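To start, the structure under review is shown below, and the notes come after it.
The values are calculated or read from the model by the stated rules, or taken from the named source; none is laboratory data. Please read all numbers here as calculations on a predicted model, not as lab measurements. Reconstructed Cβ throughout: ideal geometry from the backbone, glycine too, with neighbour counts over all protein chains shown. Surface accessibility is based on the protein's heavy atoms, side chains included, excluding ligands, DNA and RNA. Shrake-Rupley method; radii C 1.70, N 1.55, O 1.52, S 1.80 Å.
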Amino acid sequence: MSVRVIIGAQWGDEGKGKVVDLLSDQADYVVRYQGGANAGHTLNFDGQTHILHLIPSGIFHINTTCIIGNGVVVDPLTLLEEIELVKSNNVDIDGRLLVSETAHVILPYHKSLDKADEHALGQQKIGTTGRGIGPAYVHKISRVGVRIMDLLEPELLRKKMEINLAEVNARLTENYKAAPLELEGMYRQMLDAAEQLKPYICNTTNRIHKALAAGREFLLEGAQGTLLDIDHGTYPYVTSSSPTTGGACTGTGIPPTAIEHVMGITKAYCTRVGNGPFPTELTGKTGDELRDAGHEFGSTTGRPRRCGWLDLVALKYAAKINGINELVVTKLDVLDQFDTVKACTSYRINGTETTDFPLRSREIDSIEPVYREFKGWKSSTRDATSYDELPLVTREYLEAVADYLDIAIRIVSTGPGRNETLIIGDL
Ligand code: GDP
Ligand code: IMO
Ligand code: MG
C-alpha cells in the first residue's frame with residue numbers, strides 16, 4: 001500500500017491536474033479531499049485539453065477509481081455537467097466514480113451569497129471564484145449544512161433548505177438590498193440532480209479503508225495551494241478549506257500514519273489569481289512576459305493570473321507545513337526565453353532580513369524580496385527527454401531550488417502534455 005498526497009505548494013494552479021493524471025496510471029484510487037468547483041485542473045493528452053473542477057484527475061485512466069471525498073463541497077449541477085463531459089469522451093465511469101455521502105452540498109444560494117459578500121467588500125474583496133465555496137463551508141462549520149446523503153431524503157432536504165434559505169434571504173434582502181431567492185425551483189433542481197447522482201453516492205470512508213487494508217495505491221489530490229489554506233495561508237485572502245496535508249486526512253478519513261509521500265508541486269516561477277499579498281509579484285514588463293509565455297489565465301474563471309519570480313521563502317514554508325518529501329517543478333519551459341531568471345531567497349522586512357515566512361499581515365505587506373540571479377538558458381527545454389539533457393544552467397537553477405529546500409526534485413514538467421515530463425529516478 002502507498003498513499004501519496006499531491007499538494008499545491010504555492011497559490012494554486014501549479015499543475016496538480018497534470019501530475020495527478022500522469023501518476024494515475026499507477027494508482028488504484030484518486031481522491032479529492034477539499035475545495036469544490038473553485039478548482040480547475042487541466043489535463044492535456046492525445047492532442048486534447050480537459051479541465052476538471054470536481055471529478056478527480058485520474059478519471060481518464062480506466063482502471064482507477066475516483067472518489068470525491070467527504071471534505072469536498074459538491075455542487076451537484078456542476079458535477080452532473082462534468083460527468084456528461086467525461087462520458088462524452090467515451091470514458092466509462094460506472095462504478096469508478098464515487099461521491100462521499102458525508103460531503104457537503106453547494107446550493108444555488110451559496111453562490112448568490114458568495115457574490116453578494118464579495119460585492120459588499122468593495123476594494124477589500126477576496127476575488128473569489130464565485131462558486132459558493134465560502135458560504136457552503138460556513139454552513140458546514142455552523143452544523144446546518146446539507147450533506148450529500150440528505151439529497152436522498154426529500155422531506156429532510158426540503159426542511160434543511162427552507163431553514164437555511166430563510167436565513168440567507170434575510171441577509172440578502174436586509175444587508176444587501178437584493179431580491180429574495182425562491183425555494184421551490186432550487187429544491188426541484190436538487191431532487192432531480194439527486195436522482196441522477198444516486199448511483200455514485202456511498203460510504204467512501206468504508207471503501208477507502210477496505211482498499212487500504214487490501215494494499216491498494218492511493219493518490220490524494222489537493223485543490224488550491226498552501227498559501228490559500230484557511231489556517232496557513234495569507235488570511236483573509238485564502239479559500240475556506242485546508243489544501244495542506246492535514247486536510248488530506250480530514251477530507252478522506254485516511255490517517256496521517258498511512259501517508260508515505262507528500263509531493264509538493266511548484267511552478268518554476270509564481271502566480272496568484274485573486275487578491276492578497278504576493279511578495280515577488282512583477283507588475284511590469286517581465287510579469288507580462290511570464291503571463292504570455294505561461295498562458296496564465298485562470299482555468300475556472302479565465303481571469304489573468306498575477307505573475308512573479310519563484311519565492312523560495314514561501315516555498316520552504318509550504319514544505320514545512322505539508323512535510324513535503326518529493327518536489328515537482330512545472331512550467332520550466334516558460335522561463336526558456338529569459339536572459340536572467342531570479343528566485344527570492346530571503347525577505348527584508350522593516351530593514352531586517354529573514355528566511356522565515358511572516359504570519360502578521362502587516363509584515364507580509366511590507367516584504368521586500370531579496371533575489372538570487374541565475375543566468376537564463378535561452379533555449380527550448382520542451383524537447384528534452386531526460387533531466388540530463390537539460391542545459392547545465394537550467395540544472396543549476398533547479399539544483400539551487402532543491403538545495404534551498406533540501407528536497408529532491410522527482411519530476412520536472414516542460415510542457416502541458418503528458419509526455420512533456422522528465423521523471424528523475426524511480427517514483
Ligand atoms: P492546477 O489547478 O494545479 O491543476 O493547474 P491548472 O490546470 O489550473 O493550471 C496549470 C496550467 O499550466 C494548465 O493550463 C496546464 O495545461 C499548464 N501546464 C502544466 N504543466 C505545464 C508545463 O510544464 N509547461 C507549460 N507550458 N504549461 C503547463
Ligand atoms: P486550483 O485547484 C488558484 C482563489 C481565488 C481567491 C481565493 C478564494 O485550480 O489550483 P474561493 O472561490 O475559493 O472562495 O476563492 O482562492 N482560488 C484559486 N486560485 N487556483 C485555484 O484552484 C483556486 N481556487 C480558489 O482566486 O483568491
Ligand atoms: Mg487550477
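Does the stretch 40-53 contain any residue that is at negative phi, open to solvent by 20 Å² or more (accessible area, probe 1.4 Å) and out of contact with any Gly (no Cβ under 9 Å at 6 or more places or on another chain)?
yes
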Test: residue in the stretch 157-166 that is in a strand (DSSP E or B) and crowded, with 17+ Cβ neighbours inside 10 Å: no
Count - residues of the stretch 43-74 that are assigned to a strand (DSSP E or B), among the aliphatic types (A, V, I, L, M) and within 23 Å of residue 130 (Cβ to Cβ): 5
Qualifying residues in the stretch 1-54 (those that are under 17 Å from residue 65 (Cα atoms) and among the small types (Gly, Ala, Ser)) - the one farthest from ligand 3 (Cβ to nearest atom): 2
Among (1) more than 15 Å from ligand 1 (Cβ to nearest atom); (2) closer than 20 Å to residue 411 by Cβ; (3) in contact (Cβ under 8 Å) with a residue 60 or more places away in the chain - the single one residue 20 does not satisfy: (1)
Any hit, the stretch 366-379, residues being within 26 Å of the chain's Cα centre (by Cα) and not small (Gly, Ala, Ser): yes
Residue match in the stretch 300-319 (condition: part of a loop (DSSP other than H, G, I, E, B), over 26 Å from residue 219 (Cα atoms) and more than 16 Å from ligand 3 (Cβ to nearest atom)): yes
Criterion violated by residue 395 - all others in (1) open to solvent by less than 20 Å² (accessible area, probe 1.4 Å); (2) within 25 Å of residue 292 (Cα to Cα); (3) away from ligand 3 (no atom under 16 Å from the Cβ); (4) part of a helix (DSSP H, G or I) satisfied: (1)
Inter-residue pairs, beta-carbon under 6 Å, first away from ligand 1 (no atom under 16 Å from the Cβ) and in the stretch 272-290, second part of a helix (DSSP H, G or I) and open to solvent by less than 20 Å² (accessible area, probe 1.4 Å), 6+ apart: 277/364
Hits in the stretch 116-156 - residues which are farther than 28 Å from residue 195 by Cβ and either in contact with a strand residue (DSSP E or B) (Cβ under 7 Å, 6 or more places away or on another chain) or in a helix (DSSP H, G or I) (or both): 116, 117, 118, 119, 120, 121, 122, 123, 124, 134, 141
Matching option when the condition is of a type outside the set (Lys, Arg) and within 16 Å of ligand 1 (Cβ to nearest atom), among 102, 65, 78: 78
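To keep it simple, each residue is scored yes or no on (1) more than 17 Å from residue 187 (Cβ to Cβ); (2) of a type in the set (Ser, Thr, Tyr).
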site	(1), (2)
126	yes, no
131	yes, no
134	yes, no
137	yes, yes
142	yes, yes
147	no, no
152	no, no
156	no, no
163	no, no
Residue list for the stretch 343-377, restricted to those being more than 23 Å from residue 237 (Cα to Cα), of a type outside the set (Ser, Thr, Tyr) and exposed (fewer than 13 other Cβ atoms within 10 Å of the Cβ): 351, 353, 373
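Here's the yes/no breakdown for (1) open to solvent by 20 Å² or more (accessible area, probe 1.4 Å); (2) aromatic (Phe, Trp, Tyr); (3) more than 16 Å from ligand 2 (Cβ to nearest atom):
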position: 241; (1), (2), (3): no, no, no
position: 247; (1), (2), (3): no, no, no
position: 253; (1), (2), (3): yes, no, yes
position: 260; (1), (2), (3): yes, no, yes
position: 264; (1), (2), (3): no, no, no
position: 273; (1), (2), (3): yes, no, no
position: 284; (1), (2), (3): yes, no, yes
position: 288; (1), (2), (3): yes, no, yes
position: 296; (1), (2), (3): no, no, no
Hits in the stretch 125-156 - residues which are touching a residue at least 24 places away in the same chain (Cβ under 8 Å) and open to solvent by 30 Å² or more (accessible area, probe 1.4 Å): 125, 126, 128, 129, 131, 138, 140, 147, 149, 152, 154
Selection count where residues are free of Cβ contacts under 8 Å to residues at least 40 places away in the same chain and in contact with a strand residue (DSSP E or B) (Cβ under 7 Å, 6 or more places away or on another chain), scope the stretch 397-418: 0
Cβ-Cβ under 8 Å pairs, at least 6 apart or on other chains, the stretch 179-193 side under 13 Å from residue 154 (Cα atoms), far side in a helix (DSSP H, G or I) and among the basic types (Lys, Arg): 187/158
